[in-house]
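Remarks on the structure that follows.
We did not get these values from a lab; they are worked out from the coordinates using the rules stated. Since the structure is predicted, the reported quantities are computational estimates derived from the model, not experimental observations. Ideal geometry is used to build each Cβ from the backbone, glycine not excepted, and the neighbour counts take in all protein chains shown.
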Amino acid sequence: MLDQLEAALAATKLPFAFASWSEAPEGDYGVYTPDGANDLEADDEHAERAISGTVDYFVRGKGATEVALIETALDSVEGLAWRMESVQYESDSGYLHVEWSFEAA
Amino acid sequence: MATISFKGLDAYQRQIAALGNPKTVESMCKYSIYDAAGMVADELKKATPFDTGDLRDSIALEAMVTRDGVTYTKIDFAGYDRKGVPNMIKARVIESGTSRVKKKPFVRPTIKRVTKTAEFMMDKAINEYLSKFMKKEK
């Protein structure tokens, strides 16, 4: 499932890294991070597996184009539910930080 | 001809009517939320990253309110830490990260983990309340 998300984000041509960047880029960049599971348990088994996590994008400017690209990418992944979690402006760095949470079955 | 009689219907009718009273409904909702909200706050405290402990100690439940027929409370990161930073901002920075701080989500995963338990506790509390209420209104 994470592979599909990775492929969809790569198709946006925006710079994304898994979990963190070893060295944060100068310009705009994104990170996607799994942070837990939400499996459906039935008959003492994990009947359906699901992972949850977040996608973050740091953009200088309004970021409307990037946000639209990322949301289209998230929509394209089958079995992935997402929502925009927060939008924050960092006055010290000038970044607009957009955060989405997702859950993928 | 057979005759079937029911006893206690008047009392039952009174109980049902009393249950329809908005004050009763509000009281029942508050009763059901009380323990569940406390449990959620306790679990959040356990999951809060510990440095000075200011953030963990700032977690507090707001007074319950009923608005538009919905009764609720909020869990708040109240006040400021010892350096004068609003605890709400600090919690947000840890939860979501920034371009300079790596995120360490603790609110969303905790809420997800305890939601079912909280719902179970609320369901149990409502049944307890109804049981006591029906006995009292007899």
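Here are the numbers for the structure shown:
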| quantity | calculated |
| --- | --- |
| Using θ = phi - 60° and Karplus 6.51 cos²θ - 1.76 cosθ + 1.60, couplings along the range B:63-75 (whole Hz; Gly, Pro as x) | 4, 6, 10, 10, 9, 6, x, 10, 9, 7, 10, 10, 9 |
| Estimated vicinal HN-Hα couplings, Hz - the range A:19-27 in sequence order (Karplus 6.51, -1.76, 1.60; Gly, Pro = x) | 6, 6, 8, 5, 9, 5, x, 5, x |
| Projected area averaged over orientations for the range B:1-95, convex hull of C-alpha atoms, nm² | 9.9 |
| Sorted peptide list for A:94-103, A:15-24, criterion being average Cβ within 10 angstrom, highest first | A:94-103, A:15-24 |
| Size descriptor, Kirkwood hydrodynamic radius, that averages inverse alpha-carbon separations across the range A:1-75, Å | 13.8 |
| Shape metrics for the range B:82-126, restricted to C-alpha atoms - Rg then Dmax, Å | 15.2, 46 |
| Relative contact order (percent, whole number), chain B, Cα cutoff 8 Å, 6+ residue spacing | 29 |
| Residue-averaged 222 nm ellipticity for chain B, from DSSP H runs of 4+ at -39500 (n - 2.57), nearest 500 | -19500 deg cm²/dmol |
| DSSP-assigned coil residues among chymotrypsin sites (Phe, Trp or Tyr not before Pro) in the range B:18-84, each with at most 12 further Cβ atoms within 10 Å | B:Phe50 |
| Sequence ranges A:79-85, B:8-14, B:35-41, ranked by mean other-Cβ count within 10 angstrom, highest first | B:35-41, A:79-85, B:8-14 |
| Whole-Hz couplings from phi, Karplus 6.51/-1.76/1.60, listed for the range A:76-92; x for Gly and Pro | 6, 8, 5, x, 10, 9, 9, 8, 6, 8, 7, 10, 10, 9, 9, 5, 6 |
| Alpha carbon convex hull of the range B:53-138, projected area averaged over orientations, nm² | 8.4 |
| Alpha carbon convex hull of the range B:14-68, projected area averaged over orientations, nm² | 4.7 |
| Chain A: relative contact order in percent, alpha carbon pairs under 8 Å with at least 6 residues between | 27 |
| Entries of B:Lys46/B:Lys74; B:Lys74/B:Lys136; B:Lys74/B:Lys116 with Cα pairs more than 28 Å apart | B:Lys74/B:Lys136 |
| Kirkwood hydrodynamic radius of the protein assembly as shown, from inverse mean 1/r over distinct Cα pairs, in Å | 21.6 |
